[in-house]
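> What follows is a structure written as structure tokens; I'll ask about it next.
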Amino acid sequence: MFLLVWRKLKLDPLKTLLTALALGSVIAVMLVFQGFREGQYFQLSRMVMNRQGDLIAVQAGVSNFIAVRSTLPQFSRGEVEAVPGVSAVHPLTTIGLIYEQDGIRTPLYLVVYDTLGGPVKLSEGRTLKEDHDIIIDKSLAKKHNLKAGDELPIYGFGFKIVGIVEEEVAFMMPFAYASYEGMLDLYFETEIAPDITIFPMLSFMLIEVSPESNREDVAKAIEEAVPVVDIFTPEQLSKHDVALGKLFFGPIIGLLVTISSIIGFLVMGLIMYSEVNGEIRNYGIMKALGFSNLKLAGVVIAQALLLVLFAMPAGLALGAGLAAFINETAPLYLIRIFDYTILLQTALASLIFAAAGAMIPFLTVQRADPMIVFQEVQ
């Protein structure tokens with residue numbers, strides 16, 4: 001069956017190529033929308049995982065790293081360090097700020113770290129050395145045309161950009177990194193708030209567990225010894241953040257993916273309908289030669305599946321190119337299409353859509369009168 005269809009498609013290679021490219025364009029759009037959803041959730045998960053540490057201490061009752069306020073008392077760090085099995089405790093503070101340039105305001109999530117928890121992948125510049133140094137995300141640099149060496153005034157305080165970090169965004173908001181000295185200077189040298197107590201001095205603690213200790217046992221011991229904190233593994237906190245992201249963005253992103261799938265179904269159906277409907281005479285000839293309706297249906301479906309298989313490489317290439325363009329021009333919106341789940345879902349959906357679209361005109365094929373077809377050919 002497939003060999004017959006393959007020979008039929010080779011009779012008009014230009015038409016086959018154009019049809020495959022049209023189908024590939026639809027596949028690319030579906031990949032990009034699904035990749036956008038996957039990219040946002042990936043950013044949320046990596047934001048926690050990139051902080052490193054075996055365990056993360058948060059304020060009791062808090063179970064997220066992103067979009068929540070966690071404030072820990074300063075003395076709690078010493079109490080955690082005293083728990084058996086803990087080898088090191090690293091402070092981490094997060095602050096929501098607004099950066100304004102030329103009348104454009106951009107929400108900014110400032111991560112303040114000391115010895116652990118800083119940026120992982122710098123695309124430009126260096127790590128923090130001076131009090132006023134700051135590292136910003138690539139998306140913020142692109143949006144405001146900033147680079148290493150530029151000044152980044154926040155509420156009148158002059159940070160100096162020393163590095164650009166990649167893939168450090170979450171909730172569609174760029175991140176920045178500063179030292180505790182820089183944070184204190186920001187607090188005391190600006191009128192950021194009438195009361196400094198509204199800003200946390202310590203939000204989280206990154207805990208390193210000694211090699212001979214069990215991570216879960218140490219986590220339980222810390223919660224028993226220091227009741228003001230809850231302890232999570234990075235994996236647990238990451239899952240909580242992704243769940244929060246799905247709660248906030250799931251309905252909207254899901255609607256976009258659904259709309260793209262519906263459009264993909266309609267466009268693929270239209271392409272395959274035109275493909276099959278334009279060959280009614282050929283199917284009439286095949287019917288006159290003794291092909292049953294079941295065999296004709298097999299030919300129609302086989303043609304649809306082969307065309308989709310031809311279109312998949314083109315769709316993947318177009319989708320990857322579009323994703324790379326978006327990631328380069330707007331790094332805030334990560335598109336991840338090279339995920340086996342996305343590729344499998346898109347491939348299966350494309351095959352189903354194409355087969356369904358090809359079967360729509362099959363009733364016309366079934367009713368084709370071989371005698372009329374031969375008369376038209378003559």
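> Can you find, among 187, 236, 207, the residue sitting farthest towards the positive end of the charge dipole of region 146-294, where Lys and Arg contribute +1 and Asp and Glu -1 at Cβ?
236
> Farthest toward the dipole's positive end in the chain, which of 33, 317, 355, given Cβ charges of +1 (Lys, Arg) and -1 (Asp, Glu) about the Cα centre?
Of the options given, the answer is 355.
> Residues of region 81-99 with backbone nitrogen within less than 14 Å of a virtual label 7 Å along the Cα-to-Cβ line of residue 190, please, listed as ranges.
Correct set: 95-99.
> Report the charge-dipole magnitude of region 233-307 in Debye, nearest 20, computed about the Cα centre from +1 at each Lys and Arg Cβ and -1 at each Asp and Glu Cβ.
Dipole size: approximately 280 debye.
> Evaluate the charge dipole of the chain about its Cα centre and quote only its size in Debye, nearest 20, assuming +1 on the Cβ of each Lys and Arg and -1 on the Cβ of each Asp and Glu.
Dipole of the chain, to the nearest 20 debye: 2540 debye.
> With all protein chains present, calculate the accessible area of residue 213 using a 1.4 Å probe and round the result to the nearest 10 Å².
Per-residue accessible area (residue 213): approximately 40 Å².
> Test of understanding: what is the full-extension gain from residue 239 to residue 255, defined as 0.36 nm times their sequence separation minus their Cα-Cα distance?
So the extension gain works out to 3.5 nm.
> Based on the Cβ-Cβ distance from residue 101 to residue 294, what FRET efficiency comes out when R0 is 51 Å, to the nearest 0.05?
0.15
> Would you mind working out the magnitude of the charge dipole of region 87-162 relative to its Cα centre, with +1 at each Lys and Arg C-beta and -1 at each Asp and Glu C-beta, to the nearest 20 Debye?
Here region 87-162 has a charge dipole of around 300 debye.
> Relative contact order (percent) for the chain, with alpha-carbon contacts under 8 angstrom and 6 or more residues of separation?
RCO, the chain: 30 percent.
> Which number do you get for Rg(Cα) / (2.2 N^0.38 Å) in the chain?
1.38
> Please tell me the relative contact order of region 164-317 in percent, rounded to the nearest whole number, where contacts are Cα pairs under 8 Å and at least six residues apart.
That works out to 9 percent.
> Quick one: P(r) of region 187-343 from all Cα-Cα pairs, 10 Å bins, percents rounded to integers, in order of increasing distance.
Reading upward from the zero bin: 7, 18, 19, 19, 15, 10, 7, 5, 1.
> Moving to a separate point now. Would you please state the base-10 log of I(q)/I(0) at q = 0.12, 0.16 1/Å for region 119-230, with intensities from the Debye formula using one equal scatterer on every alpha carbon?
So the normalised log intensities work out to -0.59, -0.87.
> Over the heavy atoms of residue 249, what accessible area does a 1.4 Å probe trace out, to the nearest 10 Å²?
Here the accessible area works out near 50 Å².
> Accessible area of the chain with a 1.4 Å probe: how many percent of it is carbon plus sulfur?
Roughly 61 percent of what the probe reaches on the chain is carbon or sulfur.
> Under the rule of -39500 (n - 2.57) per DSSP H run of 4 or more residues, summed and divided by the residues of the chain, what mean residue ellipticity at 222 nm is obtained, to the nearest 500 deg cm²/dmol?
Calculated at 222 nm, the ellipticity per residue is -18000 deg cm²/dmol.
> List the DSSP H helices in the chain whose Cα atoms stretch 30 Å or more along the helix axis and whose mean Kyte-Doolittle hydropathy is at least -0.5.
Result, helices passing both filters: 13-49, 234-277, 293-329.
> Once you keep just the Cα pairs under 8 angstrom separated by 6 or more residues, what percentage relative contact order results for region 128-255?
Value for region 128-255: 20 percent.
> Something else about it: Counting only heavy atoms of the protein chains, get the accessible area per residue of region 167-325 (1.4 Å probe) and round it to a whole Å² value.
48 Å²
> Quick one: ranking 240, 144 by accessible area, 1.4 Å probe, largest first, what do you get?
240, 144
The values are calculated or read from the model by the stated rules, or taken from the named source; none is laboratory data. Worth saying up front: this structure is predicted, and the values here are computed from it rather than measured. Virtual Cβ from ideal backbone geometry, glycine too; neighbours counted across all protein chains shown. These accessible areas exclude ligands, DNA and RNA; they are computed on the full protein's heavy atoms, side chains included. Shrake-Rupley method; radii C 1.70, N 1.55, O 1.52, S 1.80 Å.
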